[in-house]
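The values are calculated or read from the model by the stated rules, or taken from the named source; none is laboratory data. Every value quoted in this text rests on a predicted model; they were computed, and no experiment measured them. Using ideal geometry, Cβ is built from the backbone for each residue, glycine included, and neighbour counts are taken over all protein chains shown.
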Amino acid sequence: MSWFEKLQNLDRRYIYIVVALCIIIPFTFTFHTNTYTTEPVENIYQLIDSYAGREDRAILLSIEHDPSTSPELQPMEIAIVRHCFERGVKVFFLTFRITASPIIDYVINTTKEEFADIQSGVDYVNFGYKPAALYLPIILGMGDDIAEAVETDSEGRKLNNLEIMKGIKNYNEMNLVVEFSGSSYGFGWITYARSRFGANVAAGITAVMAADTYPYIQSGQLVGVLGGLKGAAEYEKLVDLFAVNQLEFSKEQEKQTFPRINNDDILYKFKTARIGMNAQNVAHVMIIVFILIGNIGYFLERRRKNKQGEGS
Amino acid sequence: MKRQIPLLIVITLGLLFMAHAFIPHKISQDFYNQWYREWVKAVSPFAALLGIYSLINVHVRKIKRKAHNWQYSIATLLGIIVTAVAGFGWGSESGSPSSWIYENIMMPLCATIFALLAFYIASAAYKAFRARSIEATVLLAAAIIVMLGRVALGAAITHWIPDATKWILTVPNLAAKRGIALGVGLGMTATSLKIILGIERTYLGGGD
């Protein structure tokens, strides 16, 4: 067997070892890489930031994923919640998936640890799990009256009795819905909340789903998208750069400043996406190298066979 | 009657929902707010019960017949029973058995299955991603540009890579995705109309 044939038929276990090392090493030894933000992420950030300190504005995070996609989606959820807590934006949580209910608790608790003054029912409220059969009635019902459509929060409290609901009636006030999902991109919210009530809709999705959302971004049906770990890393950077320092968004400043992630200035839980992007960086390069080696082997092998054909 | 009554329900409700969606009159709004919203709350638990009954029925029959891979059915049934007992018995609060099952079984299983994807993608990229034709070469070049453009290294090499990535995603990708979405949308509309008008009846079972 020639060297090229060996290369073509490389045992996949060697590939698996290389993949494992390429992912584990960047997580173990954190190094700094620059994260550049993109327009779909900046749009979400700026819209949420425009609600800072307003009694009559709130956002809804509809968390619709299993633990399988948490490594990609949870950092973006934590980043948005942190942004809201830093800037005094009212935030609601909701899920139609029973398996996502503990994820909401985890996101809230992880972020809340660093904010002593944040209170449930005042600064945020978790509507909790609602059966999927009520998906449509709740989405459409919130267009009239959120408190009537959802009725109670995850702790069984009547929404009407909660302080956070003062000044919040329907999508006119809760003017942004961000759906986090591994298999959808806010389609239900676009169809019913956006087209019928004019609610702004954004999506936090896995990287493999990101390509599907571009038609909706262009048409304005989605105000923005957080695509995979990169989207989460971008949002983390914006929060560190502007929200934490109580600054307005500035593209110029964003282009020039890169908060360091390889020291202890930022808590680990608030930079997991950026550290994860290091692993993704190495993994992408490794896959590209694999593709190139595979193709070089393929072409050399084909040329050798062609020559043999000509010779015989 | 067994087929006509369900057909009548589908046609009547289908037309009512169409009217509700397109006619913003008080009657159509009341139909939705005062009737549908309350009904769906009452009906959905029965749908859940039907689903559980169907799942148990399928797996019990599989075990009885010793069908192919019947052992997995035992795991499924045990999963349903244990989770249901834990949930009904102790609730789903943090620290409860249900929460323990979620954190120690569900989460690691989900994470493991999804993490395997990275290994399969890398292996498939090496073994199968070949520039065998012009189309395959274009796909390969686009994949390499987008993969580099999505990580810091791409921008570090040259700003052309992130710019090219953006162009690929917002022009050819967008056009293809929109074409597919329009096709799917038209297909859904046609199928829905066929169901509402009673032309498509396969959902009634037995084929027609």
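Among the residues that make up the stretch B:134-156, is at least one of them touching a Gly at 6+ places or on another chain (Cβ under 9 Å), more than 20 Å from A:Val285 (Cβ to Cβ), β-branched (Val, Ile, Thr) and at pLDDT 90 or above?
Among the residues of the stretch B:134-156, not one is touching a Gly at 6+ places or on another chain (Cβ under 9 Å), more than 20 Å from A:Val285 (Cβ to Cβ), β-branched (Val, Ile, Thr) and at pLDDT 90 or above, which makes the answer no.
With A:Glu42, A:Glu86 as the choices, which residue is at pLDDT 95 or above, in a helix (DSSP H, G or I), more than 23 Å from A:Tyr185 (Cα to Cα) and charged (D, E, K, R)? Spell out how you get there, then give the answer.
On the way: A:Glu42 fails: more than 23 Å from A:Tyr185 (Cα to Cα).
Just a single option satisfies the conditions, and that option is A:Glu86.
One residue is enough: does the stretch A:102-111 have a residue meeting the conditions in contact with a helix residue (DSSP H, G or I) (Cβ under 6 Å, 6 or more places away or on another chain), closer than 21 Å to A:Leu226 by Cβ, buried (at least 22 other Cβ atoms within 10 Å of the Cβ) and of a type in the set (Val, Ile, Thr)?
yes
Residues being in a loop (DSSP other than H, G, I, E, B) and in contact (Cβ under 8 Å) with a residue 40 or more places away in the chain: count how many of those fall in the stretch A:97-124.
The initial filter retains those residues of the stretch A:97-124 that are in a loop (DSSP other than H, G, I, E, B), namely A:97, A:113-119, A:121-123.
Next, only the ones that are in contact (Cβ under 8 Å) with a residue 40 or more places away in the chain stay: A:114, A:121-123.
Of the residues in the stretch A:97-124, 4 are in a loop (DSSP other than H, G, I, E, B) and in contact (Cβ under 8 Å) with a residue 40 or more places away in the chain.
Among the numbered conditions (1) in a loop (DSSP other than H, G, I, E, B); (2) assigned by TED's automatic domain parsing to the domain that holds A:Ile78, tell me where A:Gln253 comes up short.
Failed condition: (1).
Working only within the stretch A:19-36, note down all residues that are within 14 Å of chain B (Cβ to nearest Cβ) and assigned to a loop (DSSP other than H, G, I, E, B).
A:Thr30, A:Phe31, A:His32, A:Thr33, A:Asn34, A:Thr35, A:Tyr36, listed by residue number.
How about the stretch B:34-116: which helices (runs of 4 or more DSSP H) wholly inside it have at least 1 residues that are out of contact with any Pro (no Cβ under 7 Å at 6 or more places or on another chain) and among the basic types (Lys, Arg)?
On the way: elements: B:37-65, B:70-90, B:97-101.
By residue number, B:37-65.
Would you pick out the residues in the stretch A:37-66 that are farther than 13 Å from A:Ser183 by Cα and within 13 Å of chain B (Cβ to nearest Cβ)?
If we filter the stretch A:37-66 for residues that are farther than 13 Å from A:Ser183 by Cα, which is where we start, we get A:37-62.
Passing the criteria: A:Thr37, A:Thr38, A:Glu39, A:Pro40, A:Val41.
If only one of A:Phe242, A:Phe290 is over 13 Å from the mean Cα position of the chain (by Cα), assigned to a helix (DSSP H, G or I) and within 11 Å of another protein chain (Cβ to nearest Cβ), which one is it? Let's see the steps before the verdict.
Numbers: A:Phe242 fails: within 11 Å of another protein chain (Cβ to nearest Cβ).
Within the list A:Phe242, A:Phe290, the selection yields A:Phe290.
Which of (1) exposed (fewer than 15 other Cβ atoms within 10 Å of the Cβ); (2) within 9 Å of another protein chain (Cβ to nearest Cβ); (3) hydrophobic (A, V, I, L, M, F, W, C) is the odd one out, the single condition B:Leu55 does not satisfy?
(2)
Within the stretch A:125-153, how many residues are more than 10 Å from chain B (Cβ to nearest Cβ), in a strand (DSSP E or B) and crowded, with 17+ Cβ neighbours inside 10 Å?
4
Which of the residues belonging to the stretch B:70-93 are within 14 Å of chain A (Cβ to nearest Cβ), more than 25 Å from the chain's Cα centre (by Cα) and surrounded by fewer than 14 Cβ atoms within 10 Å (Cβ to Cβ)?
B:Phe88, B:Gly91, B:Glu93
Which residue out of B:Thr137, B:Thr170, B:Thr112 is surrounded by 14 or more Cβ atoms within 10 Å (Cβ to Cβ) and either within 11 Å of chain A (Cβ to nearest Cβ) or touching a residue at least 12 places away in the same chain (Cβ under 8 Å) (or both)?
On the way: B:Thr137 fails: surrounded by 14 or more Cβ atoms within 10 Å (Cβ to Cβ); B:Thr112 fails: surrounded by 14 or more Cβ atoms within 10 Å (Cβ to Cβ).
Exactly one residue qualifies, and that residue is B:Thr170.
Taking the conditions exactly as written (within 29 Å of B:Ala176 (Cβ to Cβ), free of Cβ contacts under 8 Å to residues at least 40 places away in the same chain and surrounded by 22 or more Cβ atoms within 10 Å (Cβ to Cβ)), does A:Tyr216 satisfy them or not?
Numbers: within 29 Å of B:Ala176 (Cβ to Cβ): yes; free of Cβ contacts under 8 Å to residues at least 40 places away in the same chain: yes; surrounded by 22 or more Cβ atoms within 10 Å (Cβ to Cβ): yes.
Answer is yes for this residue.
For the stretch A:3-18, does any single residue satisfy the condition of being within 11 Å of chain B (Cβ to nearest Cβ), touching a residue at least 60 places away in the same chain (Cβ under 8 Å) and either aromatic (Phe, Trp, Tyr) or on the phi > 0 side of the Ramachandran plot (or both)?
Narrowing the stretch A:3-18 to residues within 11 Å of chain B (Cβ to nearest Cβ): A:7-18.
Cutting the leftovers down to touching a residue at least 60 places away in the same chain (Cβ under 8 Å) gives us A:7-8, A:15, A:18.
Retained after the next criterion (residues that are either aromatic (Phe, Trp, Tyr) or on the phi > 0 side of the Ramachandran plot (or both)): none.
Checked the stretch A:3-18: no residue is within 11 Å of chain B (Cβ to nearest Cβ), touching a residue at least 60 places away in the same chain (Cβ under 8 Å) and either aromatic (Phe, Trp, Tyr) or on the phi > 0 side of the Ramachandran plot (or both).
Scan the stretch A:228-239 and tell me whether some residue there is surrounded by fewer than 16 Cβ atoms within 10 Å (Cβ to Cβ) and out of contact with any strand residue (DSSP E or B) (no Cβ under 8 Å at 6 or more places or on another chain). Full working, then the answer.
Taking the stretch A:228-239 as the starting set, the residues that turn out to be surrounded by fewer than 16 Cβ atoms within 10 Å (Cβ to Cβ) are none.
No, the stretch A:228-239 contains no residue that is surrounded by fewer than 16 Cβ atoms within 10 Å (Cβ to Cβ) and out of contact with any strand residue (DSSP E or B) (no Cβ under 8 Å at 6 or more places or on another chain).
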